[in-house]
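Quick notes on the structure that follows.
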Amino acid sequence: MDLILTGVFLFFVFLIGLMPFPLLYFFSDFGQFFLHRIMGYRKKVILSNLKTCFPALSDQELNKIVKTVYKNLADILAEGIKGFSMLPRTVKKRYFITNPGIIEPWLAQGKSVIALPAHFNNFEWGSMSPGLFTKHPIIAFYKPLSNKYINSFMKWSRVKFGTTLASIYETFLVFERNAQTPSVYIMAADQSPSNPEKSYWVTFLGRETAFLHGPEKYARMYNYPVVYVDVQRVKRGYYTVKAVMLADDPAALPEGEVTRRYARKLEEAILKTPGNWLWSHKRWKLSL
């Protein structure tokens, strides 16, 4: 079964790889309609999250955001598959890092940096672009797929952009192995954690929210500077990426402060354009 699924996956990678971007977005528009109007993909979760976080909004205002949520989701899916066949120069042009120099002084001193992106706008290209803007190793943590063939293909496809994918289940070992090599660690930090006792709890979008403890844990353990990765959609298919310093000396900060700063930055971005966050996640599964 895995081989059959891999064949179907590679077929779509090949097919979408041949598409020019205007045609890609034609299919993305259809995907938006299918996910929203026909399938109703996680619509109850999306509406529940939005209503709880924005109780003052009218039904009309909420429905407008919901439509944007599905458009963003469809674009992310289409662009994510397209990314497997994109050339480095195309990625660099469409996912442009505006200030890569902000982390260079630390790397030049032999110190690694932890970069914290979020599921905001196109996060799928986030593991490809950094390696095109710095000569230093890029290590992106991810959750391995159950299909070993697709998983291997994903890891192989990122090598051409200078990025190494590392399993989240080997996070400690990866940090230890690379302790003497100045690197950029990419750790998505807005997923829902599984253990409330190990989580950092922060007021986020008006709700007490559990955040993963890992990013701050390793930042404090090695005292690596931490940056927030701010991804903004300039227009369809074009993004700017800006690194915003969160903590240059995390070990000196109170426990949980790095996470609180990250949450504030993400909240600012969501409040400006709420439809660009991945509201389909069951973000608030845990309770205190």
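The values are calculated or read from the model by the stated rules, or taken from the named source; none is laboratory data. Since we're looking at a predicted model, the values are computed, not measured. Cβ coordinates were reconstructed from backbone atoms using ideal geometry, including for glycine residues, and neighbour counts include every protein chain displayed. The protein model used for the area step is the full one, side chains on, heavy atoms only, and it has no ligands, DNA or RNA in it. Shrake-Rupley method; radii C 1.70, N 1.55, O 1.52, S 1.80 Å.
Of note:
- Positive-end residue, the chain charge dipole about Cα centroid, Cβ charges, pick of PHE153, PRO100, PRO193: PHE153
- Between ARG89 and LEU77, the modelled labels are 3.2 nm apart [label points 7 Å from Cα along Cα→Cβ].
- Charged neighbours of ALA118, selected by a Cβ distance under 14 Å, balance to +2 (K, R count +1; D, E count -1).
- Accessible surface, per residue, of region 1-114 when the full set of protein chains is kept, probe 1.4 Å, Å²: 58 Å²
- When each of LYS43/LYS265; LYS51/LYS272; LYS92/LYS160 is checked by Cα-Cα distance, pairs over 21 Å: LYS43/LYS265
- Across the options TYR224, ALA251, ALA263, the greatest Cα extent toward the positive end of the charge dipole of region 220-280 (unit charges at beta carbon of Lys, Arg, Asp, Glu) belongs to ALA263.
- In a simple Cβ point-charge model (Lys, Arg +1; Asp, Glu -1; nothing else charged), the chain has a dipole of about 720 debye relative to its Cα centre.
- Shape of region 1-126 from the C-alpha gyration tensor: oblate (a/c of 1.5 or more and a/b not above b/c, with a ≥ b ≥ c the square roots of its eigenvalues).
- Accessible surface of ILE168 - all protein chains present, 1.4 Å probe, nearest 10 Å²: 80 Å²
- Normalised by the number of residues in the chain, the mean separation of alpha-carbon contacts (under 8 Å, six or more apart) gives a relative contact order of 23 percent.
- Sequence ranges 247-253, 16-22, ranked by mean other-Cβ count within 10 angstrom, highest first: 247-253, 16-22
- Scattering profile of the chain at q = 0.10, 0.11, 0.12, 0.15 Å⁻¹ [log10 I(q)/I(0), Debye over alpha-carbon scatterers]: -0.55, -0.67, -0.81, -1.30
- What the Cβ-Cβ distance of LEU10 and PHE33 gives, at R0 = 35 Å and to the nearest 0.05, is a FRET efficiency of 0.85.
- With 0.36 nm allotted per residue and the present C-alpha distance subtracted, the PHE172-SER146 stretch has 7.2 nm of extension available.
- Residues whose amide H falls under 5 Å from that of ILE186, counting only those 5 or more places apart or on a different chain, are ALA115, ILE139, ALA140, PHE141, with hydrogens built in the peptide plane.
- Spatial separation of Cα centroids for region 26-46 and region 240-282, in angstrom: 27 Å
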